[in-house]
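Below: one structure, written as C-alpha coordinates.
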Amino acid sequence: MSRLSTEETRMPTLGIIGTGNIGAAIARLAVNAGIPVVLSNSRGPETLAGLVAELGPLASAGTIEQSAAAGDVVVLSVPLTAHTAVPAALLEGKAVLDTTNYYPFRDGRVSELDEERLTTSELVLRHFDGAGLTKAFNNILAHHIPQLARPSGAPDRTALPVAGDDASAKTKVMSLIDQLGFDAVDAGTLAESWRFEPEAAAYTRLYLADPATPGDRMLEAPAAPVPAERLNDALKRAEPVRVAARTF
(Lines give C-alpha, C1' and ligand atoms only; values in the text may rest on other atoms or scores of the structure.)
Protein backbone atom coordinates (compact mmCIF):
# COMPACT_ATOMS: atom_id res chain seq x y z
CA MET A 1 0.00 0.00 0.00
CA SER A 2 1.23 3.48 -0.84
CA ARG A 3 1.06 6.00 2.01
CA LEU A 4 0.96 9.74 1.49
CA SER A 5 3.29 11.51 3.89
CA THR A 6 4.58 14.68 2.24
CA GLU A 7 3.03 17.79 0.77
CA GLU A 8 4.85 17.33 -2.52
CA THR A 9 2.92 14.10 -3.17
CA ARG A 10 -0.42 15.70 -2.41
CA MET A 11 -2.42 16.19 -5.59
CA PRO A 12 -3.22 19.85 -6.30
CA THR A 13 -6.61 19.08 -7.86
CA LEU A 14 -8.88 16.09 -8.39
CA GLY A 15 -11.16 15.87 -11.41
CA ILE A 16 -14.50 14.13 -10.85
CA ILE A 17 -16.69 13.12 -13.79
CA GLY A 18 -20.08 12.08 -12.45
CA THR A 19 -21.71 13.52 -9.35
CA GLY A 20 -24.07 10.77 -8.27
CA ASN A 21 -23.90 9.30 -4.79
CA ILE A 22 -20.38 7.87 -5.06
CA GLY A 23 -18.86 10.79 -6.96
CA ALA A 24 -20.34 13.29 -4.49
CA ALA A 25 -19.14 11.24 -1.50
CA ILE A 26 -15.58 11.17 -2.88
CA ALA A 27 -15.77 14.93 -3.49
CA ARG A 28 -16.74 15.53 0.15
CA LEU A 29 -13.83 13.46 1.42
CA ALA A 30 -11.45 15.25 -0.95
CA VAL A 31 -12.31 18.77 0.19
CA ASN A 32 -12.21 17.60 3.81
CA ALA A 33 -8.65 16.45 3.08
CA GLY A 34 -7.74 19.80 1.55
CA ILE A 35 -7.83 18.60 -2.06
CA PRO A 36 -9.48 20.96 -4.58
CA VAL A 37 -12.03 19.28 -6.85
CA VAL A 38 -13.42 20.14 -10.27
CA LEU A 39 -16.83 18.51 -10.64
CA SER A 40 -18.69 17.76 -13.85
CA ASN A 41 -21.69 15.83 -15.07
CA SER A 42 -23.60 15.29 -18.28
CA ARG A 43 -26.08 18.08 -17.52
CA GLY A 44 -23.62 20.98 -17.32
CA PRO A 45 -21.83 23.03 -14.62
CA GLU A 46 -24.88 25.13 -13.78
CA THR A 47 -26.64 22.06 -12.35
CA LEU A 48 -23.89 21.64 -9.75
CA ALA A 49 -24.27 25.02 -8.03
CA GLY A 50 -25.87 23.54 -4.92
CA LEU A 51 -23.26 20.83 -4.45
CA VAL A 52 -20.41 23.27 -5.03
CA ALA A 53 -21.86 25.66 -2.46
CA GLU A 54 -22.16 22.80 0.03
CA LEU A 55 -18.58 21.68 -0.54
CA GLY A 56 -17.11 25.15 -0.13
CA PRO A 57 -14.22 27.08 -1.68
CA LEU A 58 -12.16 24.05 -2.66
CA ALA A 59 -14.88 22.90 -5.07
CA SER A 60 -15.73 24.21 -8.50
CA ALA A 61 -17.94 23.06 -11.34
CA GLY A 62 -16.77 22.67 -14.90
CA THR A 63 -17.34 20.82 -18.10
CA ILE A 64 -16.28 17.21 -18.49
CA GLU A 65 -13.30 18.50 -20.44
CA GLN A 66 -12.29 20.75 -17.55
CA SER A 67 -12.62 17.97 -14.98
CA ALA A 68 -10.51 15.66 -17.14
CA ALA A 69 -7.81 18.30 -17.48
CA ALA A 70 -7.80 19.23 -13.79
CA GLY A 71 -5.24 16.75 -12.50
CA ASP A 72 -3.29 13.56 -12.98
CA VAL A 73 -6.04 11.54 -11.29
CA VAL A 74 -9.63 11.69 -12.52
CA VAL A 75 -12.57 9.94 -10.86
CA LEU A 76 -14.93 8.34 -13.38
CA SER A 77 -18.22 7.70 -11.61
CA VAL A 78 -20.91 7.32 -14.27
CA PRO A 79 -23.33 4.52 -15.15
CA LEU A 80 -21.80 1.81 -17.32
CA THR A 81 -23.94 2.78 -20.30
CA ALA A 82 -22.72 6.40 -20.06
CA HIS A 83 -18.96 5.83 -20.10
CA THR A 84 -18.69 5.88 -23.89
CA ALA A 85 -20.21 9.37 -23.93
CA VAL A 86 -16.96 10.64 -22.38
CA PRO A 87 -14.44 11.19 -25.20
CA ALA A 88 -11.62 8.69 -24.75
CA ALA A 89 -8.94 11.22 -25.64
CA LEU A 90 -9.77 13.30 -22.55
CA LEU A 91 -8.42 10.61 -20.22
CA GLU A 92 -5.44 9.45 -22.25
CA GLY A 93 -2.37 9.32 -20.02
CA LYS A 94 -4.42 9.97 -16.89
CA ALA A 95 -4.72 7.82 -13.79
CA VAL A 96 -8.46 7.10 -13.73
CA LEU A 97 -10.28 5.92 -10.61
CA ASP A 98 -13.15 3.92 -12.08
CA THR A 99 -16.12 3.24 -9.78
CA THR A 100 -18.20 1.49 -12.46
CA ASN A 101 -20.40 -1.51 -11.74
CA TYR A 102 -22.60 -3.53 -14.09
CA TYR A 103 -26.23 -3.50 -13.00
CA PRO A 104 -28.42 -5.29 -15.58
CA PHE A 105 -31.63 -3.80 -14.14
CA ARG A 106 -30.23 -0.35 -15.01
CA ASP A 107 -27.79 -1.00 -17.85
CA GLY A 108 -29.60 -3.74 -19.76
CA ARG A 109 -27.81 -6.97 -20.61
CA VAL A 110 -24.22 -6.74 -21.89
CA SER A 111 -23.26 -10.00 -23.58
CA GLU A 112 -19.51 -9.70 -23.03
CA LEU A 113 -20.07 -9.28 -19.30
CA ASP A 114 -22.78 -11.92 -19.04
CA GLU A 115 -20.47 -14.37 -20.83
CA GLU A 116 -17.64 -13.37 -18.47
CA ARG A 117 -15.27 -12.58 -21.31
CA LEU A 118 -14.38 -9.31 -19.59
CA THR A 119 -14.72 -7.69 -16.20
CA THR A 120 -16.63 -4.42 -16.08
CA SER A 121 -13.50 -2.29 -15.84
CA GLU A 122 -11.83 -4.20 -18.67
CA LEU A 123 -14.84 -3.25 -20.78
CA VAL A 124 -14.52 0.39 -19.70
CA LEU A 125 -10.79 0.36 -20.44
CA ARG A 126 -11.48 -0.81 -23.97
CA HIS A 127 -13.07 2.59 -24.58
CA PHE A 128 -10.42 4.53 -22.65
CA ASP A 129 -7.43 2.90 -24.29
CA GLY A 130 -4.35 4.81 -23.16
CA ALA A 131 -5.70 5.64 -19.68
CA GLY A 132 -4.34 4.15 -16.47
CA LEU A 133 -7.69 2.73 -15.42
CA THR A 134 -7.83 1.62 -11.78
CA LYS A 135 -10.97 0.17 -10.16
CA ALA A 136 -11.90 1.32 -6.65
CA PHE A 137 -14.83 2.63 -4.57
CA ASN A 138 -17.23 0.39 -6.51
CA ASN A 139 -17.67 -2.12 -3.68
CA ILE A 140 -18.88 0.17 -0.91
CA LEU A 141 -22.28 1.81 -0.43
CA ALA A 142 -22.20 5.60 -0.78
CA HIS A 143 -23.54 6.29 2.71
CA HIS A 144 -20.85 4.05 4.22
CA ILE A 145 -18.04 6.16 2.73
CA PRO A 146 -18.30 9.07 5.19
CA GLN A 147 -19.13 6.69 8.05
CA LEU A 148 -15.91 4.72 7.61
CA ALA A 149 -13.34 7.35 6.56
CA ARG A 150 -10.62 7.76 9.19
CA PRO A 151 -7.30 9.63 9.49
CA SER A 152 -4.13 7.79 8.54
CA GLY A 153 -2.97 5.53 11.35
CA ALA A 154 -6.37 5.28 13.06
CA PRO A 155 -6.80 1.85 14.70
CA ASP A 156 -10.27 1.38 13.20
CA ARG A 157 -9.36 2.34 9.64
CA THR A 158 -11.22 0.57 6.85
CA ALA A 159 -9.56 -0.89 3.75
CA LEU A 160 -10.75 -0.71 0.15
CA PRO A 161 -9.61 -2.95 -2.72
CA VAL A 162 -7.85 -1.47 -5.75
CA ALA A 163 -7.32 -3.28 -9.06
CA GLY A 164 -5.47 -2.13 -12.15
CA ASP A 165 -2.98 -3.05 -14.84
CA ASP A 166 -0.96 0.19 -14.83
CA ALA A 167 1.40 0.17 -11.82
CA SER A 168 2.01 3.92 -11.84
CA ALA A 169 -1.69 4.76 -12.05
CA LYS A 170 -2.49 2.26 -9.31
CA THR A 171 0.08 3.88 -7.01
CA LYS A 172 -1.46 7.31 -7.59
CA VAL A 173 -4.96 6.03 -6.88
CA MET A 174 -3.84 4.22 -3.74
CA SER A 175 -2.19 7.42 -2.53
CA LEU A 176 -5.43 9.30 -3.16
CA ILE A 177 -7.42 6.69 -1.24
CA ASP A 178 -5.04 7.09 1.69
CA GLN A 179 -5.64 10.85 1.66
CA LEU A 180 -9.39 10.31 1.55
CA GLY A 181 -9.35 8.25 4.73
CA PHE A 182 -8.97 4.57 3.82
CA ASP A 183 -6.25 1.97 3.61
CA ALA A 184 -5.80 0.57 0.11
CA VAL A 185 -5.34 -3.12 -0.63
CA ASP A 186 -3.83 -4.15 -3.96
CA ALA A 187 -6.40 -6.57 -5.37
CA GLY A 188 -4.47 -7.40 -8.53
CA THR A 189 -5.27 -6.72 -12.16
CA LEU A 190 -8.50 -5.60 -13.79
CA ALA A 191 -9.05 -9.23 -14.81
CA GLU A 192 -9.18 -10.07 -11.09
CA SER A 193 -11.52 -7.23 -10.14
CA TRP A 194 -14.52 -9.60 -10.23
CA ARG A 195 -13.53 -10.44 -6.65
CA PHE A 196 -15.10 -7.18 -5.47
CA GLU A 197 -17.86 -6.74 -8.01
CA PRO A 198 -21.59 -7.24 -7.22
CA GLU A 199 -22.45 -10.36 -5.20
CA ALA A 200 -18.78 -11.27 -4.65
CA ALA A 201 -17.37 -11.75 -1.15
CA ALA A 202 -15.72 -8.32 -1.01
CA TYR A 203 -18.74 -6.36 -2.23
CA THR A 204 -20.84 -4.00 -0.01
CA ARG A 205 -22.15 -6.50 2.58
CA LEU A 206 -18.62 -6.83 3.90
CA TYR A 207 -18.94 -3.28 5.27
CA LEU A 208 -22.31 -3.70 6.96
CA ALA A 209 -22.40 -3.69 10.75
CA ASP A 210 -24.85 -6.58 10.36
CA PRO A 211 -23.97 -8.60 7.22
CA ALA A 212 -27.37 -10.32 7.46
CA THR A 213 -29.23 -7.05 6.86
CA PRO A 214 -32.07 -7.64 4.35
CA GLY A 215 -31.39 -6.23 0.91
CA ASP A 216 -34.23 -3.71 1.11
CA ARG A 217 -32.67 -2.16 4.23
CA MET A 218 -29.05 -1.98 3.11
CA LEU A 219 -29.22 1.60 1.88
CA GLU A 220 -29.93 2.83 5.41
CA ALA A 221 -28.02 0.22 7.44
CA PRO A 222 -24.94 1.33 9.41
CA ALA A 223 -21.40 0.32 8.54
CA ALA A 224 -18.60 -1.25 10.58
CA PRO A 225 -14.84 -0.95 9.95
CA VAL A 226 -13.17 -3.56 7.74
CA PRO A 227 -9.41 -3.83 8.32
CA ALA A 228 -7.04 -4.84 5.53
CA GLU A 229 -6.63 -8.38 6.90
CA ARG A 230 -10.36 -9.03 6.71
CA LEU A 231 -10.62 -7.53 3.24
CA ASN A 232 -7.72 -9.64 2.00
CA ASP A 233 -9.46 -12.74 3.36
CA ALA A 234 -12.67 -11.83 1.51
CA LEU A 235 -10.76 -11.28 -1.72
CA LYS A 236 -8.98 -14.64 -1.41
CA ARG A 237 -12.12 -16.66 -0.69
CA ALA A 238 -14.22 -14.96 -3.37
CA GLU A 239 -15.75 -17.31 -5.93
CA PRO A 240 -16.72 -16.25 -9.44
CA VAL A 241 -20.27 -14.92 -9.70
CA ARG A 242 -22.36 -16.19 -12.59
CA VAL A 243 -22.93 -12.77 -14.07
CA ALA A 244 -25.67 -13.86 -16.49
CA ALA A 245 -27.76 -15.02 -13.53
CA ARG A 246 -27.61 -11.66 -11.77
CA THR A 247 -30.80 -9.65 -11.74
CA PHE A 248 -29.60 -6.38 -10.20
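The values are calculated or read from the model by the stated rules, or taken from the named source; none is laboratory data. Since we're looking at a predicted model, the values are computed, not measured. Glycine also receives a Cβ, built like all others from the backbone with ideal geometry; neighbour counts cover every protein chain displayed. The accessibility values were calculated without ligands, DNA or RNA, using every heavy atom of the protein model including side chains. Shrake-Rupley method; radii C 1.70, N 1.55, O 1.52, S 1.80 Å.
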According to the square roots a ≥ b ≥ c of the eigenvalues of the Cα gyration tensor, what is the shape class of the range 202-248, taking rounded for a/c under 1.5, prolate for a/b larger than b/c otherwise, and oblate for the remainder?
oblate
Considering only protein heavy atoms and a 1.4 Å probe, what is the carbon-and-sulfur percentage of the accessible area of the chain?
53 percent
From the list (1) 37, 21, 14; (2) 27, 19, 16; (3) 25, 22, 18, can you say which value of semi-axes √(5λ) of the Cα gyration tensor in Å was derived from the structure given?
(3)
In nm, give the distance between the simple-model label positions of S152 and N32, each being 7 Å from the Cα along the Cα-to-Cβ direction.
1.7 nm
If you place +1 on the Cβ of every Lys and Arg and -1 on the Cβ of every Asp and Glu, how big does the dipole about the Cα centre of the range 67-196 come out, in debye to the nearest 20?
320 debye
Orientation-averaged projected area, Cα convex hull of the range 37-168 (nm²):
9.5 nm²
Within a Gaussian network of the chain (alpha carbon springs, distance under 10 Å), most fluctuating of L39, L219, L80
L219
So, by mean Cβ neighbours within 10 angstrom, what's the order for 191-200, 134-143, 223-232 with the highest one leading?
134-143, 191-200, 223-232
Looking only at T158, T13, T213, which one moves most when the chain is put into a Gaussian network model with springs between Cα atoms under 10 Å?
T213
Value of relative contact order over the chain, rounded to a whole percent, pairs C-alpha under 8 Å and six or more apart:
19 percent
Cβ-Cβ cut-off under 11 Å around T100, Lys and Arg +1, Asp and Glu -1: the net charge is -3
In units of 2.2 N^0.38 Å, the Cα radius of gyration of the range 188-228 is 1.28
I want the antiparallel fraction of DSSP beta bridges within the chain, as a percent rounded to 5.
10 percent
From most to least accessible, 1.4 Å probe, no ligand or DNA/RNA atoms counted, K236, K170 line up as K236, K170
Does the range 90-214 come out rounded, prolate or oblate, given a ≥ b ≥ c as the square roots of the eigenvalues of its C-alpha gyration tensor, rounded meaning a/c under 1.5 and, failing that, prolate meaning a/b above b/c?
oblate
Indicate the gyration tensor shape class of the range 86-137 (rounded, prolate or oblate), computed on the Cα atoms with a ≥ b ≥ c the square roots of the eigenvalues: a/c under 1.5 is rounded; otherwise a/b larger than b/c is prolate and the rest oblate.
prolate
